[in-house]
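Each remark here refers to the structure printed beneath this line.
The values are calculated or read from the model by the stated rules, or taken from the named source; none is laboratory data. Quick caveat, the model's predicted, so the values are computed rather than measured. Here the Cβ is made from the backbone with ideal geometry for all residues, glycine too, and neighbour counts use every protein chain on show. The protein model used for the area step is the full one, side chains on, heavy atoms only, and it has no ligands, DNA or RNA in it. Shrake-Rupley method; radii C 1.70, N 1.55, O 1.52, S 1.80 Å.
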Amino acid sequence: VKRGQPFQFKLGKGQVIKGWDEGIAMLHKGEKATLVVPAQLGYGSRSTGKIPENSTLIFDVELIDFEAGFKPVPYDVKGKDTVKTPSGLKIIMVQENPSGAFPPAMSTVSVNYTGYLTDGSFFDSSVERGQPIQFPLGKSAVIKGWDEGIAMLRKGEKARLVIPYQLAYGEKGYPPIIPPNATLIFDVELVDFKEEIKPVAFNVAGKDTVKTASGLKLIKVNSNPTGAKPEQGKNVSVHYTGYLTDGTIFDSSVKRGTPFSFALGTGAVIKGWDEGIAMLRQGEKARLIIPYQLAYGENGRQPTIPPKATLIFDVEVMQAIAP
């Protein structure tokens, strides 16, 4: 209600706490209710954000609208050849494109997919969302079977990937969606790819450094006094490249060719970002030097961010108030 935007989720898919999946299913469109959710149907014995451990939660909710469930259409693989790789991956070509190019390693690929369990039930689909998934190929951003299988496709090709559990979510699975030791089936289409863009570090020589009370350091690379300022609680679109202090790049929207959007001041990003981006205007570029207390803390974020890591981000505000 504060954000002025209803919350959307897929009912019964474990995307929300159990009390929500159960309670919202009991409402008709247009109905309002108060849900009193005991801890075992909420966040249990763990604390999260402002919610203490073992908390009973109270939600005032209104079911604004819903859409009918998605019904996927599995690929017809009858009579198609199956290729099995040494790793155990099976790939069945459904639609070939001999004139298409293979995606280079580290390129950002755009893939449409629908995922099934071996009993035929589907568990996730970019087709349902109407938006292909994008990820850097060969960077372990997805399960191993995907990194291997998508690299074997040309742009425009469709295939079925049959992925053994060792190349998927392993012995433990991914509860509650993926069971233990689950073989997964994906109908995929390589929609497009972009070759990796190499970020160029900002030149901050001779630029003034502003240090805030929190310990954040900000070095502006350019100024745009007439640019719009990001507003608290509103989405802002930012291009960034993140470095460790030894110069190693650990993440970059520039490489992917797609800016990152988030709601400013809502805790959706690390504290140093919420503070630093709020100090910039649309069109401005800056370097943020963020101490570990404002980043990922004493533990870091393995395997990418070491413990007590100071992080350096070169950022550019693309849209101060993004849609």
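Determine whether Thr209 is hydroxyl-bearing (Ser, Thr, Tyr), within 30 Å of Gly272 (Cβ to Cβ), more than 19 Å from the chain's Cα centre (by Cα) and modelled with pLDDT of 95 or more.
yes
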Checklist outcome for this item: Within the stretch 226-277, residues being within 15 Å of Asp314 (Cα to Cα), more than 19 Å from the chain's Cα centre (by Cα) and buried (at least 18 other Cβ atoms within 10 Å of the Cβ) number 5
Next on the checklist: Show me the strands (runs of 3 or more DSSP E) found entirely inside the stretch 47-152 where at least 1 residues are free of Cβ contacts under 8 Å to residues at least 24 places away in the same chain and open to solvent by less than 70 Å² (accessible area, probe 1.4 Å).
Outcome noted: 133-136
Checklist entry - Within the bounds of the stretch 184-203, is there any residue that is open to solvent by 50 Å² or more (accessible area, probe 1.4 Å), among the basic types (Lys, Arg), touching a Ser or Thr at 6+ places or on another chain (Cβ under 8 Å) and at pLDDT 95 or above? => result no
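Looking at the structure I just gave you, is Gly12 in a loop (DSSP other than H, G, I, E, B), modelled with pLDDT under 95, open to solvent by less than 80 Å² (accessible area, probe 1.4 Å) and of a type in the set (Gly, Ala, Ser)?
Numbers: in a loop (DSSP other than H, G, I, E, B): yes; modelled with pLDDT under 95: yes; open to solvent by less than 80 Å² (accessible area, probe 1.4 Å): yes; of a type in the set (Gly, Ala, Ser): yes.
Criteria met by Gly12.
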Checklist entry - Picking from Pro180, Pro175, Pro164, which residue would you name as being modelled with pLDDT under 95 and more than 26 Å from Gln293 (Cα to Cα)? => result Pro175
Checklist entry - Could you give every pair whose Cβ atoms fall below 9 Å, whose first residue belongs to the stretch 185-207 and is closer than 13 Å to Arg256 by Cβ, and whose second residue is in a strand (DSSP E or B) and among the acidic types (Asp, Glu), counting only separations of at least 6 or pairs across chains? => result Pro199/Asp314
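Mind listing whichever residues of the stretch 7-42 are within 20 Å of the chain's Cα centre (by Cα) and touching a residue at least 24 places away in the same chain (Cβ under 8 Å)?
Step one: of the stretch 7-42, the residues within 20 Å of the chain's Cα centre (by Cα) are 7-11, 13-17.
Result: Leu11, Lys13, Gly14, Ile17.
Just the residues that are touching a Lys or Arg at 6+ places or on another chain (Cβ under 9 Å), open to solvent by less than 60 Å² (accessible area, probe 1.4 Å) and part of a loop (DSSP other than H, G, I, E, B), please, taken from the stretch 162-176.
Step one: of the stretch 162-176, the residues touching a Lys or Arg at 6+ places or on another chain (Cβ under 9 Å) are 162-164, 166-168, 176.
Still in the list and also open to solvent by less than 60 Å² (accessible area, probe 1.4 Å): 162-164, 167-168.
Scanning the stretch 162-176 gives Pro164, Ala168.
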